[in-house]
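The values are calculated or read from the model by the stated rules, or taken from the named source; none is laboratory data. Keep in mind that this is a model prediction, so the values were computed, not measured. A quick note on method: Cβ atoms are made from the backbone with ideal geometry, for glycine too, and the neighbour counts reach across all protein chains shown.
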Amino acid sequence: MELEGAVAVVTGASSGFGELTAKRLAKRGATVVLAARRVERLEAVADQIGSRGGRSLVVGCDVTSLADLQELRDRVDEAFGRCDVLVNNAGVAGGGSLESLSPSTIERVVRVNVLGVMLCTRVFLPMMLERSRGHIVNVASLAGRFATPGASVYGATKHAVVAFSEALYYELRPRGIRVTSVNPGFARTEGFPQTHVPRLLVMRADRVARAIVRAIENDRAPEVNVPRGLGPLEAFRVLTPPLYRWGVRTVSRRLPGTRA
Ligand SMILES: NC(=O)c1ccc[n+]([C@@H]2O[C@H](COP(=O)([O-])OP(=O)(O)OC[C@H]3O[C@@H](n4cnc5c(N)ncnc54)[C@H](OP(=O)(O)O)[C@@H]3O)[C@@H](O)[C@H]2O)c1
């Protein structure tokens, strides 16, 4: 997709991947709608985009609220009459053993990471279908491809996002809409400090933003892993499950507290 002149909505644009993705999209000529709960942070991002000649609109929005999502859609409709790109990026960490997570934490993680993505997509879909054009990017995680100890709830939410994205990809491709799940590995951000992860495994957050923008520009779907090249690990898991599980048990003993 050509980003010059496109309208792109990014949830979770107040920090991390969302902020960096919004800035990159604006740099490529898109008008960016910045959505998250911390409006003052969004305004700071909008100022930075504006100072570089970019265009943006700030909308305060909690993705767990259907009313907020509908309001977001209405604001986009009023201002631009269309949505070409939707980046469902808002998400929260929810790592830790299951017994260490309170039921309310589990519920919040599922509501933000799963329901937030599904409802936001559902709310924007008619606008995209009307024009038979658009790209939906859902930020999942490598935790959505590989189940690891200490990430039962978080990993389950991201597996859900990967499955949702792939099913939608088949549903919407014939109707002109691309759907991609972008699956990042470890990156240090506000919500994901990755303090227990060896530095070698932690990438710069901007690498993920670059991958998201490239996926949109190059029509890449239904899945993009960042870093790429996890094919051999996937093959290992599918072809030799016992050996793969032995590997996960061994590695996870050495990487306590891994999250993403
Ligand atoms: N960093 C990693 O290693 C990593 C790896 C794989 C996947 N991911 C995924 O990448 C995405 C972005 O995370 P990040 O690393 O960039 O973390 P981050 O810097 O903590 O950003 C999270 C964003 O989500 C927003 N958010 C959280 N709850 C929200 C809600 N209820 N409604 C609206 N927005 C909400 C936050 O904004 P407000 O607080 O202002 O609402 C913030 O902008 C998440 O989906 C995460 O699961 C991260």
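So which residues in region 168-185 are out of contact with any Pro (no Cβ under 9 Å at 6 or more places or on another chain), away from the ligand (no atom under 14 Å from the Cβ) and not charged (D, E, K, R)? Before the answer, list the steps.
Step one: filter region 168-185 for residues out of contact with any Pro (no Cβ under 9 Å at 6 or more places or on another chain), giving 171-172, 174-177, 182-183.
Applying the additional criterion that residues be away from the ligand (no atom under 14 Å from the Cβ) yields 171-172, 174-177.
Leu172, Pro174, Gly176, Ile177, listed by residue number.
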*Answer yes or no: is there a residue in region 175-182 that is out of contact with any Gly (no Cβ under 6 Å at 6 or more places or on another chain), assigned to a helix (DSSP H, G or I) and not aliphatic (A, V, I, L, M).*
yes
Of (1) within 21 Å of Thr189 (Cβ to Cβ); (2) surrounded by fewer than 22 Cβ atoms within 10 Å (Cβ to Cβ); (3) hydrophobic (A, V, I, L, M, F, W, C), Leu57 satisfies every one except (1)
Result of the Cβ filter at 8 Å on region 59-83, keeping first residues that are within 10 Å of Ala35 (Cβ to Cβ) and among the polar types (S, T, N, Q) and partners that are buried (at least 18 other Cβ atoms within 10 Å of the Cβ) and at pLDDT 95 or above, at least 6 apart or interchain, is none
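If you go through region 18-38, how many residues are out of contact with any helix residue (DSSP H, G or I) (no Cβ under 7 Å at 6 or more places or on another chain) and within 8 Å of the ligand (Cβ to nearest atom)?
Taking region 18-38 first, the residues out of contact with any helix residue (DSSP H, G or I) (no Cβ under 7 Å at 6 or more places or on another chain) are 18, 27, 29-30, 37-38.
Next cut, within 8 Å of the ligand (Cβ to nearest atom) only: 18, 37-38.
So the answer is 3.
Take the residues in region 186-242 that are on the phi > 0 side of the Ramachandran plot and away from the ligand (no atom under 14 Å from the Cβ), then tell me which one is surrounded by the fewest Cβ atoms within 10 Å (Cβ to Cβ).
So in region 186-242, the residues on the phi > 0 side of the Ramachandran plot come out as 194, 219, 229.
So of that shortlist, the ones also away from the ligand (no atom under 14 Å from the Cβ) come out as 219, 229.
Values: Asp219: 10, Gly229: 7.
Filtering region 186-242 for residues that are on the phi > 0 side of the Ramachandran plot and away from the ligand (no atom under 14 Å from the Cβ), the one surrounded by the fewest Cβ atoms within 10 Å (Cβ to Cβ) comes out as Gly229.
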Selection over region 84-120 where residues are outside any helix (DSSP H, G or I), touching a residue at least 12 places away in the same chain (Cβ under 8 Å) and more than 14 Å from the chain's Cα centre (by Cα) yields a count of 6
